[in-house]
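Here the structure is laid out as C-alpha cells; the discussion comes afterwards.
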C-alpha cells in the first residue's frame with residue numbers, strides 16, 4: 001500500500017467547494033472519480049481542510065492510500081489527463097504511511113483579493129469593492145487580530161466546533177496595481193473566518209468604525225458584532241504548511 | 001449631437017469577438033443594444049479595431065454619435081448598469097465631432113501571455129506552453145521584427161488588405177512569475193498577426209529554428225513559412241494610442 005500525497009490547484013468558480021457531495025460538482029468528487037478510473041479503487045481522500053463553494057486553491061494538499069503499482073509521477077500524469085481543466089495536480093509523491101493531510105497540517109495561508117475598480121477581466125478571482133478604502137487604517141486594525149485569540153465573532157453562526165481559539169501568525173494588507181489583498185496565516189480557520197475578517201476590516205477602511213473597535217468585536221465573542229461575509233470568489237487557499 | 005468616446009474593458013472568453021454579428025454574442029452587439037436602451041437610438045459604433053473571438057481588451061476605444069442629453073458620466077453609469085459583467089465602461093467623454101476611434105488611432109499595444117505550467121487558475125487569460133522555452137533566444141529573434149516590414153508571412157491567408165506593411169515600434173518578451181509575455185506596439189495589426197508571431201517565436205524558443213531564420217520568414221512573404229496561430233485566449237488589447 002502506498003500513501004500518496006497530492007498537491008493540487010483549482011479554480012473554484014464552477015465547484016460547490018472541496019467536499020464530496022452526492023449531487024453537486026466538488027473537487028473531492030472529481031478527484032475520487034479520477035482516481036477510481038486509474039486504479040479501480042474506491043479511495044478515501046483526505047484533504048487538508050474544506051474550501052467553500054467558489055473559493056480557489058493554489059496549493060491544496062490531500063492524501064489517499066492505494067494498492068496501485070503506478071509510480072507517483074505516473075499517477076500525476078494520468079490524473080491530469082482525466083481531470084477537468086479547472087483542477088490540476090501539481091505534484092504527487094509517496095509519503096510515510098502515517099501522513100495525514102488534515103491532522104499533520106500545522107498552518108494554512110489564505111489570500112483575499114479586493115479590486116478597487118469594477119474590472120471585467122479576472123472578476124472570478126476578486127471582489128470589487130465600490131468604496132474608497134483607507135488601507136493604512138485597515139492595516140492598523142488587522143494588528144488586533146494577530147496572535148492567539150478567540151475568533152467566535154469571526155465564525156459563521158451555527159458552526160460545530162469545540163472551541164474558537166486560533167493562533168494567527170501573519171495578517172496584513174498588501175497593495176498592488178488596483179488590488180488590495182489580505183494575506184493571513186493561521187494554525188486553523190473557522191467557517192468563513194477570512195471572509196468575515198475582510199468584511200469587518202472593510203468597515204474600518206470606510207471609516208465606519210475605528211481600528212480599536214476590532215478589539216471590542218473580539219471580546220464580544222458574538223458573530224453579530226462583526227461585518228458581513230464578503231463573496232467567496234476573492235478567497236484563495238495559497239499554501240498548507242506541514 | 002454629441003460625439004462620445006468610450007474606453008472599455010472586456011473579458012473575451014464568452015464573446016465571438018468585437019464585431020457585430022447577426023446571431024452571435026459580440027462586444028459591439030452588447031454595446032449597441034445597451035446604448036439603444038438608454039438613448040432610444042440605433043447607433044453606429046466605431047471601434048478602434050476588431051478583436052477576434054476569445055481575445056480580451058483592457059482598454060478598447062470606441063465612439064458613437066448621439067442626440068441624448070445625458071452627460072458622459074451619466075452615460076457611463078447607465079451603460080455599466082445594463083451591460084453584462086464581462087464588458088465594463090472605464091470612461092466616457094465628449095470629444096470633437098470629427099474624432100474617429102478607428103482612423104485617429106496611431107498605434108495599438110497588445111500583450112500575449114504564455115504560462116510555463118498547466119495552471120487551473122486564470123486559464124482564460126493565458127496559453128499553456130508545454131515546452132521548455134529559451135527566452136533569451138526568443139528575445140533575440142523578436143528584434144528582427146522591429147521597425148518597418150512587410151508582415152505578409154505573419155498574416156492569416158486570405159485577408160483582404162491593400163498591403164502588409166506595419167511599423168513595429170516595440171516588440172519584446174518579459175518574464176514574471178511563471179509567465180512569459182510578449183509586448184508589442186505597432187501602428188497597425190494584420191489578422192492574427194500577434195498570434196502568428198508568437199507561434200513562430202515559440203519555434204525559436206524550442207530550438208527548432210535559429211533567431212536569424214525570422215529574417216528569412218519575413219523575406220518570403222508567405223504565411224506557410226511562419227509558425228502556427230497560437231490560441232486567442234492569451235491575447236489582450238492593452239491600449240490604443242491617439
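The values are calculated or read from the model by the stated rules, or taken from the named source; none is laboratory data. Everything quoted here is computed from the prediction, not taken from an experiment. As a convention, Cβ positions derive from the backbone with ideal geometry for all residues, glycine included, and neighbour counts pool all protein chains shown.
Considered as a group, the residues in segment A:72-87 that are surrounded by fewer than 21 Cβ atoms within 10 Å (Cβ to Cβ) and assigned to a helix (DSSP H, G or I) include one that is nearest to the other protein chains (Cβ to nearest Cβ), and that residue is A:80.
Regarding segment B:129-138, can at least one residue be identified that is part of a loop (DSSP other than H, G, I, E, B) and within 14 Å of chain A (Cβ to nearest Cβ)? Yes, there is a match, as at least one residue in segment B:129-138 is part of a loop (DSSP other than H, G, I, E, B) and within 14 Å of chain A (Cβ to nearest Cβ). Among the residues of segment B:9-51, those identified as touching a strand residue (DSSP E or B) at 6+ places or on another chain (Cβ under 8 Å), more than 14 Å from chain A (Cβ to nearest Cβ) and closer than 28 Å to residue B:125 by Cβ are B:19, B:28, B:35, B:45, B:46, B:47, B:48, B:49. Condition first: at pLDDT below 95, surrounded by fewer than 21 Cβ atoms within 10 Å (Cβ to Cβ) and outside any loop (DSSP other than H, G, I, E, B). Can you find one or more residues in segment B:164-177 that meet it? Yes, segment B:164-177 has at least one match. In this structure, is residue A:160 more than 14 Å from chain B (Cβ to nearest Cβ), more than 22 Å from residue A:14 (Cα to Cα) and modelled with pLDDT under 95? Considered against the rule, which asks whether it is more than 14 Å from chain B (Cβ to nearest Cβ), more than 22 Å from residue A:14 (Cα to Cα) and modelled with pLDDT under 95, residue A:160 comes out as yes. May I ask you to list the residues in segment B:24-41 that are surrounded by fewer than 17 Cβ atoms within 10 Å (Cβ to Cβ) and touching a helix residue (DSSP H, G or I) at 6+ places or on another chain (Cβ under 6 Å)? Passing the criteria: only B:37. Name every residue in segment A:88-128 that is under 23 Å from the mean Cα position of the chain (by Cα), more than 25 Å from residue B:10 (Cβ to Cβ) and in a loop (DSSP other than H, G, I, E, B), in order of residue number. Across segment A:88-128, the qualifying residues are A:99, A:100, A:101, A:102, A:103, A:104, A:105, A:106. Quick one: is residue A:6 under 21 Å from residue B:119 (Cβ atoms) and either within 14 Å of another protein chain (Cβ to nearest Cβ) or surrounded by fewer than 18 Cβ atoms within 10 Å (Cβ to Cβ) (or both)? The answer is yes for residue A:6.
Within segment B:101-117, if we keep just the residues that are loosely packed, with under 14 Cβ neighbours inside 10 Å and touching a strand residue (DSSP E or B) at 6+ places or on another chain (Cβ under 8 Å), the residue that is nearest to the other protein chains (Cβ to nearest Cβ) turns out to be B:117. Sort out which residues of segment A:57-69 are in a loop (DSSP other than H, G, I, E, B) and in contact with a helix residue (DSSP H, G or I) (Cβ under 7 Å, 6 or more places away or on another chain), and write them in order of number. Of everything in segment A:57-69, just one residue is in a loop (DSSP other than H, G, I, E, B) and in contact with a helix residue (DSSP H, G or I) (Cβ under 7 Å, 6 or more places away or on another chain), namely A:68.
Residues in segment B:195-242 that are in a loop (DSSP other than H, G, I, E, B), within 14 Å of the chain's Cα centre (by Cα) and either within 14 Å of another protein chain (Cβ to nearest Cβ) or at positive phi (or both): B:231 only. Scanning segment A:150-182 for residues that are within 21 Å of residue A:228 (Cβ to Cβ) and touching a strand residue (DSSP E or B) at 6+ places or on another chain (Cβ under 7 Å) returns A:150, A:151, A:164, A:166, A:168, A:171, A:173, A:179, A:180, A:181, A:182. Kindly provide the set of residues from segment A:10-37 that are under 21 Å from residue A:58 (Cβ atoms) and part of a helix (DSSP H, G or I), ordered by number. Selection gives A:12, A:13, A:14, A:27, A:28, A:29, A:30, A:31, A:34.
This table checks each residue for (1) touching a helix residue (DSSP H, G or I) at 6+ places or on another chain (Cβ under 6 Å); (2) without any contact (Cβ under 8 Å) to a residue 60 or more places away in the chain.
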residue: B:108; (1), (2): no, no
residue: B:122; (1), (2): no, yes
residue: B:126; (1), (2): yes, no
residue: B:136; (1), (2): no, yes
residue: B:157; (1), (2): yes, no
residue: B:160; (1), (2): no, yes
residue: B:165; (1), (2): no, yes
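Of everything listed in (1) in contact (Cβ under 8 Å) with a residue 24 or more places away in the chain; (2) within 14 Å of chain A (Cβ to nearest Cβ); (3) crowded, with 18+ Cβ neighbours inside 10 Å, the single unmet condition for residue B:142 is (2).
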